[in-house]
Each structure stands twice: as C-alpha cells, then as structure tokens.
Amino acid sequence: MVFMLIRAGQTAGVLLAAALVSFLLFRFVGDPVNNIVGQGASVEERAATREALGLNDPAIVQFSRFVGRAVQGEFGVSYRFSQPVADLIGQRLPATAELTLAAMLVALGLGVPLGMWTAIKPRGVLTQTLLTLSLIGVALPTFLIGIVLILVFSVWLGWLPAFGRGAVTNLGWWTTGLLTTSGLRALILPALTLGLFQMTLIMRMVRSEMLEILRSDHIRFSRARGLRRPALIYRHAFRNALTPLVTIVGLQFGNVFAFSIVVETVFQWPGLGLLVIQAIQFADVPLLAAYLLLVALTFALINLAVDLVNAVIDPRIRQEAL
Amino acid sequence: MSPALSVNGLTVTLGRHQAAPKVIDDLSFDVGPGEILGMVGESGAGKSLTGQAILGLLDPPLHMAGGRIEVAGERIDGLSETAMRSWRGRRIGAVFQDPMTSLNPLLTIGRQLTETIRTHLPMNAASARERAIRLLSEVGVPAPEERMGAYPHMLSGGMRQRVVLALAFACDPMLVIADEPTTALDVSIQAQIVGLLRRMCRERGASVMLITHDMGVIAECADRVAVLYGGRLAEIGPADTLLREPAHPYTQGLMASIPDMRRRVDMLPQIPGSMPRVGGAPSGCAFHPRCSRATARCRAERPDLVGHGSCLAACWMPGDPSGFRPEATHAG
C-alpha cells in the first residue's frame, strides 16, 4: 500500500515536469499575441489582449492556470483546425490506441513463445532460422516492412486493404474498428508492421533472459531436487525472466504509442501520429503541448503499472520500496 | 548390505571425442550406509564434478566417458533424464555451496519445500505443508510455520543453508551430496551447519558425500576421507588414521599447511607449484613435479592405489613423512 502511494507520488512529479516543458513550449515558439491580433493591431490593442489572456501575470500563476486547465482536459484551440485540442485528440486517440494494442499483442503473442522455444532448444534448426530472421526484422526499417507488406498483400494478392481504418463503429466516447470485418482487416497490416520489430526485440530478450536463468544456481539446484521440466521452465525460469520482460514491454508500449507516426503515415491510419506530424509542420503549439502531455501521461501510467506488476512478481522489489 | 554409493572407474572428459582430456580419471570409491565420506582436494581436483556426475548433472561439454555409478546397488549412470529425475531429490539429496543463490528468489521457502515433497511423494497440499514445517523445525529454523511464507532474501545466509538442508533431506534420501556446504558462510555459522549435517545424517541414516577443501570440516565430521588430486584418488581411508598418519605426500602436504594455533610461525609450509591443468598431466605420478621425494620411477610409472595400514594410497613410497619436507615458502 505504501509502495503504491510512493510510486503514485513519483508519477505525479514526472507529470508536473512534463507539464512544465509543455508550458514552456508556448513561450519559446513566438509571441501568442501576434498570432491572435495580427500584424496591424495597435500597441494598445496588443496590451489589452495581453492583459485579457493573463500574459502579464507572473510565470508561476500562468503555469498553475495551465496545469489547472490541463487537468480538466482543456488545452485551448488548435491554431490550424480552430477546434478545441481536446476534441481533436479525442477523435484520433482510439485509432492509435487500437493500433498500439494490436501491435503489442502480435509482438507478445509471438515474441514470448518463440523466445522461450529458442532458449529451450538452443541448437535446433527452427531456433537458428528464427534467430537469423529476427536479425533481419531488427535491421529492416519499419516503413520498408510496411511498404513490402502493402505490395505483397494489397497490390499483388489483393487480400487486405492498403490504407485507412475501414468501417468504424461509434460508441459515443470511442470509435472502434474492432467490431466490423473491414475494420479488422484494415488493422492487420499496420499492426503487423508496427509489431514486427517489437516481436523480434521481445523474442531476443526472452531468449537471452531465459538462457541466463537456466544457467543460474537456483535452476541447477531445482534440477538437483528432481523437479519436472515444466515446473522448472515455467514456475522457476520463466517467472524469473518476467521482471525484465515486463519492464521492456512497458517501455516499448509507450514507444509504440508515441511513435507510431511512421506506420500511420505509411498506412494513412487516422491516428494521433498523423495528426501530430501535421501539427509539427504548422507549429500548432496548443496541439503539440497537449500531445506532449498525453505521451508523458501514457509513459507515466505504463511505468506505474510496470512497477506494480513487478512488485507483484518479485518480493524483493516490494521490500525495497518500503 | 550394498554400499549407499558405489563409484567404479568413473571417467569424465571435456568433450566427447576419443582424445578428449580427462577431468576425472578412473575414480573408484564407496560410501557405506550411514557413512560420511569427506572428499578433499584443491580447486580443480574434480571433487565437485564427481558430485555432479553422480547427480547426472554434468553440463556439456563435460561428458561421462566411462565407469559405473550405483546407489544402493542400483545402477544409475546412463539413465534417461526422466528416470534420473526420480532419483534426484528423492533418493539422492543435494546441498550446494552458496545458499544465497541456491534458492529461487521469487518463491517462498514453503513453496519450494512443498513442491519438492509433492514432486516425489504422493501427498496432498496439507500433508506436504505439514512435512515441510516439520523439516524446517528439524533443521533449526525458528518459528517454522511463519517462515514458510518467507522469501529467501528475508533470511540470513545460515538460515538459508538450513533451508537448503531441509530441501536436501525433504524426501528421506539415502545419499546426500553436499558440495562445499559451508564455504560461503561465516566461520561461526560453518560449525553449526556442519553439526546439523552430521546430525541429520545420523538421525535419518543417510550417507553423505561431503565435498570440501576445509580439512577442519573433514576432521569434525567425516568417517572416511578421500583425497583427490588431478582427477584421481591420491589416498582414501578412515578419517582418524588418514588425518593422523597421512601416507601420500600430497595429503601430508595438505595437513602440514594447516596453521597450528599453538605455534606461531613466520612462514606456513606450502606445497610448491600447482596442480596440472586439465589435459596437461605429467607422465607417471601426477604429483611428482611437486613432490620432494619423487624418483625416476615416479616420473615414469603411474602408481596404483596400494594398501598402507588401513588406508589406500596411490604412491610408490607411501608413509614415512620424515622423508618429506614441504619447502617453506612465503604464504602469499
């Protein structure tokens, strides 16, 4: 319980720091008054606007106001779309979230069993093949994998759509592509593309962790106790490999979410990545600031979850925190 | 009654090919029922490998190239992994050197005890738990019922080694292989663990193969002693005779290098040189380059074990320690 409170406090601190960076973004990217009143405004008009926007207040007051609004989900109006930033992000978030989730499912669902297999049968033919293939998977840039997949499955074979999200169902607060066939079909290629690198990473990591643990003293001692092989591999070895795995998967989850930009561009996936790349081109500061905060929040929450999960797995971490 | 453990002509090589270097060369010894056999020798003599070979836990490239291993008259070398598993932990218990790393850090000691018990004995969870608690109290873990839920990192080194002993004795084995069980512990704890090992062995009628390089541990609890040198038996015999009147010059050197508390000396006697590396065994007796009374015969012919009093020694001129003076060299 104390452990959770400490971790939650740390998370709040990280988020506050991220909010500060977002806030500073506004102050570094030109004078907002210029953007609002235009070139021809008089000095008095400018001063009035400045006063109305609260820009004459001390920085700390302005920052508090920014944080206060952010907490309520209010990030102002996008320069480019003239819509509330919160609405824009709300429209795009489901697409990215579903893509991220699907990609990580692919990565975990394939990466973990394959990694286990290559560790348990280190000299098998399948192991050698997988390791070679995984090297290619790590080395190839994501956009190339995406383009090749489009070429093969959309252009040549015509099995799957090359772009877009397919038909989506609106649940009011969330639009999902998971309930229609076309939505699911559209998800396959981008999820594979985004998940492939993560899969090879997870596979190689599970393998090296497992190999190391299988050599450790307590596994030798467990063998000397005559334990059966499944108990040895799952209860003793895999459990010990979980802590580093959860940590890496957590970090990668955040990464995939925040930097799905490339895949979203290749597949014209209507997610946050696409929105942000446009925001960057137009210096749409309110949107960027909100996105920055959202990414920070995602990372912070995932890391919080990672810490909690690891504390459940490893009693030493529980004790350390107290 | 057949011996608890009988090792005959055990040969372990590094690699599987014909010319693979021998790490253990034609090693034979018995451990009688209820007996504690101390196995001594310096690092690399093959003590631990002998233990691993008996447990069937040699990792490649190590390979058992020859010999017979019998436990209670049943041959166990060459058994399949599945068949061997029902021996390990059931009829052969094991204690490893470092209690800090022998236990799985993520499982409670209760879980590790009950899983061992239930792997080998047909018991339900409740009676396995009962047995585990009884074992913990037998090995002197205070408040055993509470300790069942403790994780290894919550216990001291000595307590953890007690838990390891409980695990080794969990299914009433007839033989326990204890590989340097006290080396990683504080001196004050060492004596407790040695005493506990001896008590457990006596009370339960188990035989113990106690691997150590600590002559003090040997003197304290071994019934018989086997001295290993370069993967071969240098000398074997009853502990009291062997420690009092060692016949092999190597054993004599080992005994002479134990500091004497009553005499203060500037220089401890040492055995000059070091053990031959694997595959680099000299001709004749492996010990001759370091032996002060080596003769032409020692350099040419390898001695077999011959009786010397109640001991067996592999030496052409056993006994007569007066003729052997280990060179006094600076210790350290």
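Annotations
- Long-range HN-HN contacts of B:Leu27 with modeled amide H, under 5 Å: B:Gly9, B:Leu10, B:Thr11
- Residues of the stretch B:229-256 with amide N under 12 Å of the 7 Å Cα→Cβ point at B:Val265: B:253-256
- The H on the amide N of B:Val95, modeled in the peptide plane, is under 5 Å from the matching H of B:Ile177, B:Ala178, B:Asp179, each at least 5 residues off or on a different chain.
- Kirkwood Rh in Å, taken over all unlike Cα pairs in chain A: 22.7
- For B:Tyr229, the residues whose amide H sits under 5 Å from its own are B:Ala234, ignoring neighbours fewer than 5 places away on the same chain, with H placed 1.01 Å from N.
- In chain B, the longest principal axis of the Cα atoms and the axis of helix B:187-204 are about 70 degrees apart.
- Adding -39500 (n - 2.57) for every DSSP H run of four residues or longer, then dividing by how many residues chain A holds, sets the calculated 222 nm ellipticity at -23500 deg cm²/dmol.
- The fewest-to-most ranking of B:His63, A:His236 by surrounding Cβ atoms within 10 Å reads B:His63, A:His236.
- DSSP bridge pairs, the protein assembly as shown: antiparallel proportion in percent, nearest 5: 65
- Taking a ≥ b ≥ c as the square roots of the eigenvalues of the Cα gyration tensor, the stretch B:208-274 is classed as oblate, since a/c reaches at least 1.5 and a/b does not exceed b/c.
- Distance between the pseudo-spin-label points of B:Arg68 and B:Asp26 (7 Å out from Cα toward the beta carbon): 1.7 nm.
- Exposed GluC sites (Glu not before Pro) absent - longest run of chain B, DSSP non-H/G/I/E/B, at most 15 other C-beta within 10 Å: B:43-300
- With q set to 0.20, 0.23, 0.26 Å⁻¹, the log10 of I(q)/I(0) for the stretch A:2-71, from the Debye formula over equal scatterers at the Cα positions, is -0.89, -1.05, -1.17.
- In Hz, Karplus ³J(HN,Hα) per residue of the stretch A:217-225 (6.51, -1.76, 1.60; θ = phi - 60°; x = Gly, Pro): 4, 6, 6, 4, 5, 5, 5, 5, 7
- Nearest 10 degrees, 0 to 90: helix A:285-313 Cα axis against chain A principal axis: 30
- Cβ-Cβ distance of A:Gln91 and B:His17, R₀ of 51 Å, FRET efficiency by 1/(1 + (r/R0)^6): the value works out to about 0.15.
- In the protein assembly as shown, the C-alpha radius of gyration followed by the widest Cα-Cα span (Dmax) gives 35.0, 117 angstrom.
- In percent, rounded to a whole number, the relative contact order of the stretch A:1-92 is 15, using alpha-carbon pairs under 8 Å and six or more apart.
- FRET efficiency, A:Thr169 to A:Ala8 (Cβ-Cβ, R0 35 Å, nearest 0.05): 0.55
- A:Ser64-A:Leu184 FRET efficiency (beta carbon distance; Förster radius 41 Å; 0.05 resolution): 0.35
- Extent along principal axes [Cα atoms of the stretch B:189-321; Å; largest to smallest]: 49, 38, 30
- Helix A:59-71 axis, angle to chain A major axis (alpha carbon atoms, nearest 10°): 60
- Among the chymotrypsin sites (Phe, Trp or Tyr not before Pro) in the stretch A:119-211, those located in a DSSP loop and surrounded by at most 10 other Cβ atoms within 10 Å of their own Cβ are A:Trp173.
All of the numbers you see were taken from the coordinates with simple rules; none came from a lab. In this text, all values refer to a predicted model and were calculated from it rather than measured experimentally. In this analysis, Cβ positions are derived from the backbone assuming ideal geometry, glycine residues included, and neighbour counts consider all displayed protein chains.
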